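Report on one structure; see the data block that follows.
The values are calculated or read from the model by the stated rules, or taken from the named source; none is laboratory data. Predicted, not measured: the structure shown is a model, and the values here were computed from it. FYI the Cβ positions are ideal-geometry reconstructions off the backbone, even for glycines, and counts take in every protein chain you see.
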Number of protein chains: 2
Amino acid sequence: MRLAELSTRSGVSTATIKYYLREGLLHPGRRVTATQAEYDEGHLRRLRLVRALIQVGRIPVNSAREVLAALQDEGLDPNRRLGTAVWALPHGPAPDEADPATETARQTADELMDRLGWRYGGPSGETPTVPAYGMLITAIAALSRLGYPCATADLEPYARAMERIAATDLDLVERYGTPDEQVEAAVALTVLYEPVLLSLRRLAEAEESRRRFDGR
Amino acid sequence: MRLAELSTRSGVSTATIKYYLREGLLHPGRRVTATQAEYDEGHLRRLRLVRALIQVGRIPVNSAREVLAALQDEGLDPNRRLGTAVWALPHGPAPDEADPATETARQTADELMDRLGWRYGGPSGETPTVPAYGMLITAIAALSRLGYPCATADLEPYARAMERIAATDLDLVERYGTPDEQVEAAVALTVLYEPVLLSLRRLAEAEESRRRFDGR
């Protein structure tokens with residue numbers, strides 16, 4: 001398809017598509033004449049993902065480019081490619097090592113990983129530590145610094161709930177046929193389901209609060 | 001305690017405390033001389049909450065002021081005060097009614113509330129609709145617009161997991177003794193646990209991906 005059709009089918013303006021092409025967020029089409037290129041379903045899918053990252057996830061263009069580069073590394077097996085792409089998602093400020101709360105937070109997080117048998121965080125050294133682990137440590141340190149310290153046992157129910165969520169996430173991803181589509185879906189669904197989860201949590205809190213406190 | 005001690009104990013600079021006082025995010029101390037005021041544990045707790053909202057939650061000062069105003073409305077019963085404060089948290093752009101995806105998203109969300117028996121969203125009209133419901137509709141519409149449409153059945157496992165999370169949230173809140181402290185904790189923990197949840201989800205996805213795809 002030509003640029004105009006890519007624009008109509010994706011709902012992205014031709015100016016924005018040209019910007020994504022210039023920024024390397026979208027791979028070039030197959031050139032057919034000096035001024036025209038031909039685009040395919042792969043371009044359409046990629047455009048969908050770029051919009052998920054930038055418009056919904058509010059991820060900076062530079063980070064989006066890193067995520068997309070990880071998707072394209074054909075040398076990696078599917079698990080590694082999926083991991084690398086999700087790992088490249090922005091994960092907030094790194095833990096502040098000058099803050100004493102960070103050391104305690106790291107111990108709590110290590111203990112949690114140990115209790116759960118998770119291998120991508122913690123001190124095991126068996127597998128690389130994912131950036132989300134730094135995000136977890138930063139969040140635990142902030143809780144404690146603000147007077148709401150949490151213990152490993154407080155975090156465990158949250159982690160168990162996220163185990164079930166991750167299984168649901170991967171079930172959705174496995175509906176897609178090819179490894180390429182699966183990796184793209186994993187990244188898009190990780191980002192797009194974040195507001196779904198956070199809004200459902202607030203709705204569930206309102207319900208739970210009504211059940212416990214109403215009429216007291 | 002005097003301003004200097006409030007600053008030391010809270011870890012917030014005196015300049016920032018004065019800014020919060022000017023902006024009405026912190027209630028004035030009890031004036032003891034023309035130039036000095038006395039602060040108490042209530043100020044310390046409030047300061048903790050303001051930092052949770054502004055520094056960790058990145059909530060704009062105007063929104064933070066609304067949340068804090070809701071906390072102080074003594075006329076409301078605890079359930080309503082808790083609800084009002086959490087409801088005042090920012091919840092992203094309202095659903096775009098001009099977009100046809102929004103109508104379908106609303107039907108999906110209504111059906112979900114019905115299936116769950118939740119009363120704070122959906123068409124029942126029995127209870128006020130919480131702003132998080134608009135956030136949910138916006139998120140579902142974005143999924144569908146970007147080519148990842150979801151059905152009520154896809155969302156149900158996420159909602160069930162959030163029911164368990166909300167019960168854990170309220171257990172934490174009930175550890176606090178007074179209704180004032182409980183309402184403050186509910187708001188702070190809602191905001192401060194968001195990065196905990198999102199990072200645990202990414203870690204859990206890495207685990208689940210390894211279990212499913214490794215060695216394939």
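Among the conditions (1) facing another protein chain (nearest Cβ under 7 Å); (2) surrounded by fewer than 23 Cβ atoms within 10 Å (Cβ to Cβ); (3) at pLDDT 90 or above; (4) more than 14 Å from the chain's Cα centre (by Cα), B:ALA139 misses just one, which is (2). The set of residues in region A:188-216 being free of Cβ contacts under 8 Å to residues at least 12 places away in the same chain, more than 8 Å from chain B (Cβ to nearest Cβ) and under 20 Å from the mean Cα position of the chain (by Cα) is empty.
Matching residues to (1) within 10 Å of chain A (Cβ to nearest Cβ); (2) polar (S, T, N, Q); (3) crowded, with 21+ Cβ neighbours inside 10 Å:
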| site | (1), (2), (3) |
| --- | --- |
| B:CYS150 | yes, no, no |
| B:ASP154 | yes, no, no |
| B:ARG160 | yes, no, no |
| B:THR168 | yes, yes, no |
| B:ALA186 | yes, no, yes |
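For B:LEU89, the criteria (1) at pLDDT 85 or above; (2) over 22 Å from B:LYS18 (Cα atoms); (3) surrounded by 20 or more Cβ atoms within 10 Å (Cβ to Cβ) hold in every case but one, which is (1).
Table: residues versus (1) outside any helix (DSSP H, G or I); (2) modelled with pLDDT of 85 or more; (3) not polar (S, T, N, Q).
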| position | (1), (2), (3) |
| --- | --- |
| A:ARG58 | yes, no, yes |
| A:LEU71 | no, no, yes |
| A:ARG81 | no, no, yes |
| A:GLU103 | no, yes, yes |
| A:PRO149 | yes, yes, yes |
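The lone criterion from (1) within 14 Å of B:ARG2 (Cβ to Cβ); (2) at pLDDT 90 or above left unmet by B:THR35 is number (2).
Against the criterion of being touching a Ser or Thr at 6+ places or on another chain (Cβ under 7 Å) and either more than 30 Å from A:PRO179 (Cβ to Cβ) or not in a helix (DSSP H, G or I) (or both), B:LEU192 does not qualify. Filtering region A:188-216 to residues that are surrounded by fewer than 21 Cβ atoms within 10 Å (Cβ to Cβ) and among the small types (Gly, Ala, Ser) leaves only A:GLY215. Applying the condition of being more than 7 Å from chain A (Cβ to nearest Cβ) and within 27 Å of B:ARG115 (Cβ to Cβ) to region B:170-184 and asking which residue is farthest from the chain's Cα centre (by Cα) yields B:ASP171. Return yes when B:GLN72 is under 25 Å from B:VAL187 (Cα atoms) and over 14 Å from the mean Cα position of the chain (by Cα) and no when it is not. For B:GLN72, the condition - under 25 Å from B:VAL187 (Cα atoms) and over 14 Å from the mean Cα position of the chain (by Cα) - is met.
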